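Accompanying notes for the structure given below.
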Amino acid sequence: MNALARLEKGIQKAIEIGDEDALRILGTEARRLQGLAATTTEDTTDDELAKAREELAAALAQQEYEDTTALGRGLSRGVDVAGRGFGSALEGLGGVLGLEGVEEFGAEMIAENEAQLAEQEAMATRLKDVEGVGTGLDYFLETLGETAPQTGLSLGAGAAAGAAAGTAFGPAGTIIGGLAGAALSQIPFFYGNNREAQKEAIQQGLRVEMSESAAFLNSLPQAALDAFAERLMVGRLLPTQKAIRAGGLFTRVAKGAGTGAAVEVPTELGQTLIERAQAGLELDSEEAIDGYIETAVAAGLIGGTLGGGAAGISRDSRAVEAEQRAIVEQEEQEAADAAETAEIEALLAEDDAADAAETAEIEALLAEDEIAAADAADAAETAEIEALLAEEAAAADAAETVDRSPVAATIEEEKEDSEAVTVPPVTLKQDPAKQRYSILQQVIEDTPTNNYTVSGNGCCRHRNNGSGKKHHC
């Protein structure tokens, strides 16, 4: 796209957004260029035409500069710088692996981003352009924006990898995983920039061919330095972090900014030296020295900003320690209470067990006593029964012995006879002799098996016992 076409495109954009000042400037330049082109003759020199185009480009750059912020301009350049680095890494990877499509895609990325960087360079505020507070602020914001894509990628990848490793391996895994993730995310960027530095050395005649191995191997320490420095600034790797983050807000910011600058400046200078050395560029030329100064200043600003910002948003380490101590003390107290409670419960359990054992023992003794008493009662009852049985047996034996004697038999018979005699009722009015007679007569009648003989003086019973008659009077 030539200058006139770009100018016409800018005019169209100014019309769309309603920017009258831009439209006036661009219209003036367009008429000027068109008039120069219309009146160009054989007498018009190339220098005059080039000067007109330069003036138009400067006007366009000025207009674009006024339409953007310093931070936005820096961020745009940062995206293009990162894109060029990753594109160059793809180009190198495709060439090494024989992937032509990848190599061509990487080359296209390089060309596109370099073209955009060339256009934006006219609007860039460099260290040599700083003349006061305004330009100094622009330089700071543009530098901050230019490093934001790379820094953001490193911090984001490091945080993700650290969180994943921390889940598996604890706090140590978080630190190591964060460093590894951040370093791995930066290897393509440094590998690509090292390749571009080698291309520059080839153009200057300082080397004759590319060295993919040198570009890649030197990217490893560069990425490691970058990851480590960022963790020092925003993380907690420094042993002095506790002291840095102690105090009020402004105290923490000041100490954090100083620490960040002290860490970032040597890191950036080291990365720049590695880049130039692996490419074969001069390390002590005037251009190199200017680059070192620019790098150091920019690194100081970025490191101070990140370190101060991280310290500022963090809490006072003394308050954090106090809270941590309180938490530890609370946990220790809870542990002590739990131990005491467990001890009391154990003692109570022992008492309960002892009581239960004693109760069981008493119940066992009572059961034994009851069994013994029951056995004794059974034995006494058995003895009593046996005694009664013995008495009965003795009585039976005695009775049997008596029954077997003649006297016992006679007594028994008389007893039976006397039981069988029914004594008639006696009245007082009867004569005693008559009464006796009447009674005897009744007895005789009632007991026909007995033979009684009544005499004047009494009676005699005659009984046949089988052996002969016996007489009893």
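The values are calculated or read from the model by the stated rules, or taken from the named source; none is laboratory data. Quantities reported herein were computed from a predicted structural model and do not represent experimental measurements. We place every Cβ from the backbone using ideal geometry, glycine too, and count neighbours over all the protein chains shown.
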Name, by its number, the condition in (1) in contact with a helix residue (DSSP H, G or I) (Cβ under 7 Å, 6 or more places away or on another chain); (2) at pLDDT 90 or above; (3) not in a helix (DSSP H, G or I) that does not hold for A246. (2)
Search region 214-235 for residues that are buried (at least 21 other Cβ atoms within 10 Å of the Cβ) and pair each with any residue that is not small (G, A, S) and not in a helix (DSSP H, G or I) when their beta-carbon atoms are under 7 Å apart and the residues are at least 6 apart or on different chains. R231/L237; L232/L238
Members of region 82-103 found to be touching an Asp or Glu at 6+ places or on another chain (Cβ under 7 Å) and of a type outside the set (D, E), listed by number: R84, S88, G92, G94, G95, V96
Right, A161: touching a helix residue (DSSP H, G or I) at 6+ places or on another chain (Cβ under 9 Å), at pLDDT 90 or above and assigned to a helix (DSSP H, G or I) or not? no
Members of region 190-213 that are touching a residue at least 12 places away in the same chain (Cβ under 8 Å), of a type outside the set (S, T, N, Q) and farther than 16 Å from G270 by Cα: G192, R195, E196, E200, A201, L206, R207, M210, E212
How about region 45-141: which helices (runs of 4 or more DSSP H) wholly inside it have at least 3 residues that are out of contact with any Phe, Trp or Tyr (no Cβ under 8 Å at 6 or more places or on another chain) and at pLDDT 85 or above? 70-97, 100-121
Tell me which of these E275 doesn't satisfy, since it passes every other one: (1) surrounded by fewer than 15 Cβ atoms within 10 Å (Cβ to Cβ); (2) at pLDDT 65 or above; (3) farther than 26 Å from D138 by Cα. (1)
